[in-house]
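Below is one structure; the comments refer to it alone.
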Amino acid sequence: MNLVRGLLLVEAAAFAAAALSHSGILIADPVAATAEAILAAVLLIGWLVTAWRPTWTRRTAVAVQAFALAGDLLGLTITVLADPERVADIVFHGGIAIMLGVGIVLAIRLRR
């Protein structure tokens, strides 16, 4: 359970860092920054829920990571279609998609 909760924090931090990088630090893309900030907030709220109600960890972790994965894959698709030369964005989206997928599998395998 602690591994799944830890992954939620790492994933939230990764999306928060991506949002900051898109807010003008590296690239000025306010739409991407907003989307990534929302995904970070959802994952952080999921972590808070699992801290408040540990028995809800399984379903909460699956739900928030599935939401984040859907948003991430949308972001990956938009990046590849709109600007395929943004290799760092593509690598980030691919890497976080793998992490989210692993997190979902781990959460599903948690004992009730």
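The values are calculated or read from the model by the stated rules, or taken from the named source; none is laboratory data. This structure is a prediction, so every number in the text was calculated from the model and none was measured. Note that we place each Cβ from the backbone using ideal geometry, even for glycine, and neighbour counts take in every protein chain shown.
If you go through the stretch 40-65 and keep only what is exposed (fewer than 15 other Cβ atoms within 10 Å of the Cβ) and either within 22 Å of V105 (Cβ to Cβ) or touching a residue at least 40 places away in the same chain (Cβ under 8 Å) (or both), you end up with I45, A51, R53, P54, T55, W56. Every condition in (1) over 17 Å from L3 (Cα atoms); (2) assigned to a helix (DSSP H, G or I); (3) modelled with pLDDT under 95; (4) not aromatic (F, W, Y) holds for T55 except the one numbered (1). Checked against the criterion of being more than 23 Å from T60 (Cα to Cα), out of contact with any strand residue (DSSP E or B) (no Cβ under 7 Å at 6 or more places or on another chain) and free of Cβ contacts under 8 Å to residues at least 12 places away in the same chain, the candidates A32, A28 yield just one match: A28. Of all the criteria given as (1) at pLDDT 95 or above; (2) in a loop (DSSP other than H, G, I, E, B), the one not satisfied by A68 is (2). Scanning the stretch 1-26 for residues being loosely packed, with under 15 Cβ neighbours inside 10 Å, on the phi < 0 side of the Ramachandran plot and not in a helix (DSSP H, G or I) gives a total of 2.
Taking (1) among the hydrophobic types (A, V, I, L, M, F, W, C); (2) in contact with a helix residue (DSSP H, G or I) (Cβ under 8 Å, 6 or more places away or on another chain); (3) assigned to a helix (DSSP H, G or I) in turn, L48 satisfies each apart from (2).
Checked against the criteria, L44 does not count as farther than 26 Å from N2 by Cβ and hydrophobic (A, V, I, L, M, F, W, C). Within the stretch 81-110, the set of residues being farther than 15 Å from L39 by Cβ, part of a helix (DSSP H, G or I) and not small (G, A, S) comprises L81, V87, I90, V91, I98, V102, V105, L106, I108.
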